[in-house]
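**Student:** Here it is: the structure, laid out below.
The values are calculated or read from the model by the stated rules, or taken from the named source; none is laboratory data. All values reported here derive from a predicted model rather than from experimental measurement. Because the Cβ atoms are built from the backbone with ideal geometry, glycine has one as well, and the counts that use them run over all protein chains shown.
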Amino acid sequence: MPSPELSTRLLDLALDVARAGGELALHERPDDLVTDTKSSPTDVVTEMDRATEELLVSRILAQRPDDGILGEEGGERAGSSGIRWVLDPIDGTTNYLYGLPIWAVSVAAECDGVVVAGVVEAPALGRRYLAARGFGAWEERGGQRRRLSASSGTSLAEALVSTGFAYSAERRARQAEDLRGVAPLVRDIRRLGAASIDLAWVGAGYVDAYFESGLHAWDVAAGGLIAEEAGAVVELLPSSLDGGDITLATAPGIHEALSDVLCGLVDST
Ligand code: IPD
């Protein structure tokens, strides 16, 4: 674990670069956004994803040239300091493309492979989420900062559960099957479209749980720490998707029940 001073410095830098990235993506979005596709025809990357990642990387390396980088849009660089930055420049690209406000710049700092600071900057929502390992998690909104605490719910039947889907049609069909098993057992389902916000919102108590299979490190790094620091239980479960664990984040009181349901679905496939 880094010293408290280093954790503070990493969180401050994460805040600084996430804010700058958020401003760029929010204010410089052209009306005729140029797009390209990645793993499938529906897996879109925009010119703003790339421009935002470049901005994040250049700002981080200007301050900390010996750090490593893992960015969704290809920014991968080995470092020598033991610190690696895990970046999703625009998490929720499809929402961003359609002009929906649920997207975020996600910035996390790992120390020797453990996430120690994370920021989820959601400028179109006017909200920012931040956490440092061992120091708690906060939401900033309307000029106010409040400490986050996951919901105190204990009944799966009364839980609001969010989830997400992969870009591959085949994987999405499998995920839809899993959802069929969960939907009848809970209060309701949400599909927000940005994993980092799903996770931060488990921490904020806006949803009681979130699960999704096949996420990448950049989807989970910052939001997972925020959820954990808010008292949520975050774990990886085996999934029926090849090569993709289920990321599960829940309020503590429903963790066992939802984990049992998801593991039962996998066992029955
Ligand atoms: C996606 C979003 C989405 C989740 C997908 C992710 P991206 O990230 O977080 O909510 O369901 O699995 O890939 O592509 O918008 O950065």
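**Student:** Pairs needed: first member in the range 156-168, under 15 Å from GLY193 (Cα atoms); second member anywhere, of a type in the set (D, E, K, R) and more than 10 Å from the ligand (Cβ to nearest atom); C-beta distance under 6 Å; at least 6 residues apart or different chains.
**Tutor:** Here the result reads SER162/ARG190, each pair linking the range 156-168 to a residue that is of a type in the set (D, E, K, R) and more than 10 Å from the ligand (Cβ to nearest atom).
**Student:** Same structure again: For the structure I just gave you, tell me whether ALA62 is away from the ligand (no atom under 13 Å from the Cβ), under 26 Å from ALA204 (Cα atoms) and not basic (Lys, Arg).
**Tutor:** Considered against the rule, which asks whether it is away from the ligand (no atom under 13 Å from the Cβ), under 26 Å from ALA204 (Cα atoms) and not basic (Lys, Arg), ALA62 comes out as no.
**Student:** Same structure again: As an exercise: evaluate SER151 against (1) more than 16 Å from the ligand (Cβ to nearest atom); (2) surrounded by 15 or more Cβ atoms within 10 Å (Cβ to Cβ); (3) in a strand (DSSP E or B) and give the number of the one condition it does not meet.
**Tutor:** (3)
**Student:** With a cut-off of at least 1 residues that are under 14 Å from the mean Cα position of the chain (by Cα), name the helices (runs of 4 or more DSSP H) lying wholly within the range 172-269.
**Tutor:** Qualifying helices (runs of 4 or more DSSP H): 195-204, 217-229.
**Student:** When the range 71-123 is examined, which residues are found to be of a type in the set (Asp, Glu), more than 9 Å from the ligand (Cβ to nearest atom) and under 14 Å from ALA222 (Cβ atoms)?
**Tutor:** GLU110, GLU121
**Student:** While we're here: Cβ-Cβ under 6 Å, sequence separation 6+ or interchain: first residue in the range 180-202 and under 14 Å from ILE90 (Cα atoms) and β-branched (Val, Ile, Thr), partner within 10 Å of the ligand (Cβ to nearest atom) and at pLDDT 95 or above. Which pairs?
**Tutor:** What qualifies is ILE197/ILE102; ILE197/ALA104.
**Student:** Quick check: anything in the range 161-175 at negative phi, among the hydroxyl-bearing types (Ser, Thr, Tyr) and surrounded by 19 or more Cβ atoms within 10 Å (Cβ to Cβ)?
**Tutor:** Yes - at least one qualifying residue is present in the range 161-175.
**Student:** Out of the range 180-210, which residues are away from the ligand (no atom under 12 Å from the Cβ) and over 21 Å from ARG128 (Cβ atoms)?
**Tutor:** Answer for the range 180-210, where residues must be away from the ligand (no atom under 12 Å from the Cβ) and over 21 Å from ARG128 (Cβ atoms): ARG180, GLY181, VAL182, ALA183, PRO184, LEU185, VAL186, ARG187, ASP188, ILE189, ASP208, ALA209.
**Student:** Can you say whether THR37 is surrounded by 22 or more Cβ atoms within 10 Å (Cβ to Cβ) and of a type outside the set (Asp, Glu), as far as the supplied structure shows? Working first, answer last.
**Tutor:** On the way: surrounded by 22 or more Cβ atoms within 10 Å (Cβ to Cβ): no; of a type outside the set (Asp, Glu): yes.
Judged against the criteria, THR37 is not a match.
**Student:** Same structure again: Could you please let me know if VAL116 is surrounded by 19 or more Cβ atoms within 10 Å (Cβ to Cβ), part of a helix (DSSP H, G or I) and not charged (D, E, K, R)?
**Tutor:** Here the answer is no, as VAL116 does not meet what is asked.
**Student:** Out of the residues in the range 64-77 that are modelled with pLDDT under 95 and more than 13 Å from the chain's Cα centre (by Cα), state the one that is surrounded by the most Cβ atoms within 10 Å (Cβ to Cβ).
**Tutor:** GLU73
**Student:** Ok, one more. Residues of the range 19-69 being part of a helix (DSSP H, G or I), without any contact (Cβ under 8 Å) to a residue 40 or more places away in the chain and farther than 30 Å from SER80 by Cβ, which ones?
**Tutor:** Those that are part of a helix (DSSP H, G or I), without any contact (Cβ under 8 Å) to a residue 40 or more places away in the chain and farther than 30 Å from SER80 by Cβ: HIS27, GLU47.
**Student:** Starting from residues that are within 23 Å of SER3 (Cα to Cα) and in a strand (DSSP E or B), keep the ones in the range 128-148 and report whichever is nearest to the ligand (Cβ to nearest atom).
**Tutor:** Among them, the one singled out is TYR129.
**Student:** Please give the number of the condition ALA227 fails out of (1) hydrophobic (A, V, I, L, M, F, W, C); (2) surrounded by fewer than 17 Cβ atoms within 10 Å (Cβ to Cβ); (3) in contact (Cβ under 8 Å) with a residue 40 or more places away in the chain.
**Tutor:** So ALA227 meets the others, but not (2).
**Student:** Go through (1) aliphatic (A, V, I, L, M); (2) surrounded by fewer than 24 Cβ atoms within 10 Å (Cβ to Cβ); (3) within 20 Å of the chain's Cα centre (by Cα) one by one and return the number of the condition ALA157 breaks.
**Tutor:** (3)
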